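Undergrad: Mind looking over this structure? Questions follow.
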Amino acid sequence: MAGLLDTVNQRTQLVGQNRLELLMFRLNGRQRFGINVFKVKEVLQCPPLTILPKLNSVVRGVAHIRGKTISVIDLSLATGGRPIEDLSKAFIIISEYNRSVQGFLVGSVERIININWEAILPPPKGTGKLSYLTAVTEVDKELVEILDVEKILHEVAPVKTDVSAEILATATEIDKKAIEKVILVVDDSSVARNQIKKAVSDLGFKIVLAKDGRDGLNKLREMALDGPISDQVALMISDIEMPVMDGYTLTAEVRNDPKLNDLYVILHTSLSGVFNQAMVAKVGANDFIAKFNPDELAGAVLKALKAADPS
């Protein structure tokens, strides 16, 4: 296990190729789950946990790791299952989401697999843990479930979604023609879509939602049949990590389509601290911001509109 993630920082060559690597793990029982390796900082056997008062019921305690205090969330409890009981045999996946570091308590950790995003599919209707699934895939003829971690974290520690009065005051300068256009929001997490929708709606825009990159691309191409996309869409805000088609591939497809290539693209992702501006430039995105700060997102939208109309 010590060497499992030794090469994680060398794996960025997968970016833009519509591929990812999943770290597979189990909670209680045989069901396999997966998490994107890019979001994993470290995997270690569960250390002693300190229980603090007034913690959320799914937080098993805090761990003191490398000089930092990290909350440890029992992923089984968080998704409606029974708690992971034998902590001496359990593992913690240290992960970075939405500008914060947390530990996810799991029963066991398996291996890393390399897979194409096209093999990552939306969860089937009727799935028992549907509300906590963002995608599924198949490995060794077994279903692997990919959890909606943003939903879990939102339930543990809800984030602010309202744009501040200071930012809203500057939004009054938005050109009337711009406000008549829509903003396309592409994200596979329903929680993330709603967070973005709330923040951008505060600026007065109408929102079109898409659940993954392929869905977003199809919506753009359908709109382009009715006329120039720049007359209909103010900009696109896209997650990077999505089933079927990731945000980097979506951006590249937009740039390669003559009817779409002047669209302003903001990549908005929980993969904070991993990707750099060079990768954004590689696929032709205009901006990159980490999730989730409503003022920063609203500010990026206003910046995009100013770039489109510098007058």
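The values are calculated or read from the model by the stated rules, or taken from the named source; none is laboratory data. None of these values were measured; they are calculated from a predicted model. Here the Cβ positions follow ideal geometry from the backbone for every residue, glycine too, while neighbour counts run over all protein chains shown. SASA here: full protein model, heavy atoms, side chains in, ligands and nucleic acids out. Shrake-Rupley method; radii C 1.70, N 1.55, O 1.52, S 1.80 Å.
Undergrad: Please identify the pairs in which a residue from the range 67-81 that is closer than 14 Å to GLU155 by Cα and touching a residue at least 24 places away in the same chain (Cβ under 8 Å) has its Cβ atom under 8 Å from the Cβ atom of a residue that is assigned to a helix (DSSP H, G or I) and open to solvent by 50 Å² or more (accessible area, probe 1.4 Å), counting only partners at least 6 apart or on another chain.
TA: ALA78/GLU155
Undergrad: Looking only at the range 102-112, how many residues end up being surrounded by fewer than 17 Cβ atoms within 10 Å (Cβ to Cβ) and either of a type in the set (Val, Ile, Thr) or at pLDDT 95 or above (or both)?
TA: Qualifying residue count, the range 102-112: 1.
Undergrad: Further question: Count, please, the residues in the range 10-42 that happen to be under 21 Å from GLU110 (Cβ atoms), open to solvent by 20 Å² or more (accessible area, probe 1.4 Å), modelled with pLDDT under 95 and not in a loop (DSSP other than H, G, I, E, B).
TA: 7
Undergrad: I would also like to ask the following. Pick out the one residue from VAL185, VAL200 that is assigned to a helix (DSSP H, G or I) and open to solvent by less than 20 Å² (accessible area, probe 1.4 Å).
TA: VAL200
Undergrad: Only residues that are surrounded by fewer than 20 Cβ atoms within 10 Å (Cβ to Cβ) and in a loop (DSSP other than H, G, I, E, B): list them for the range 70-89, please.
TA: The answer is GLY80, GLY81, ARG82, PRO83, GLU85, ASP86.
Undergrad: Give the residue that is modelled with the lowest pLDDT, with candidates limited to residues of the range 268-301 that are part of a loop (DSSP other than H, G, I, E, B) and aromatic (Phe, Trp, Tyr).
TA: Top of the filtered list is PHE275.
Undergrad: Let me ask you something else. Check whether at least one residue in the range 143-155 is in a loop (DSSP other than H, G, I, E, B), out of contact with any Ser or Thr (no Cβ under 7 Å at 6 or more places or on another chain) and either open to solvent by 10 Å² or more (accessible area, probe 1.4 Å) or closer than 19 Å to TYR264 by Cβ (or both), and report yes or no.
TA: no
Undergrad: Do you know which residues across the range 215-235 are open to solvent by 10 Å² or more (accessible area, probe 1.4 Å), in a helix (DSSP H, G or I) and either among the polar types (S, T, N, Q) or modelled with pLDDT of 95 or more (or both)?
TA: Across the range 215-235, the qualifying residues are ASP215, ASN218, LYS219, ARG221, GLU222, MET223, ALA224, SER230.
Undergrad: Sort through VAL254, VAL265 and tell me the only one that's over 21 Å from GLY204 (Cα atoms), open to solvent by less than 30 Å² (accessible area, probe 1.4 Å) and modelled with pLDDT of 95 or more.
TA: Residue meeting the stated conditions: VAL254.
Undergrad: A further question on this structure: Identify all residues within the range 165-182 that are among the β-branched types (Val, Ile, Thr) and either in a helix (DSSP H, G or I) or modelled with pLDDT of 80 or more (or both); write none if there are none.
TA: ILE167, THR170, ILE179, VAL182, listed by residue number.
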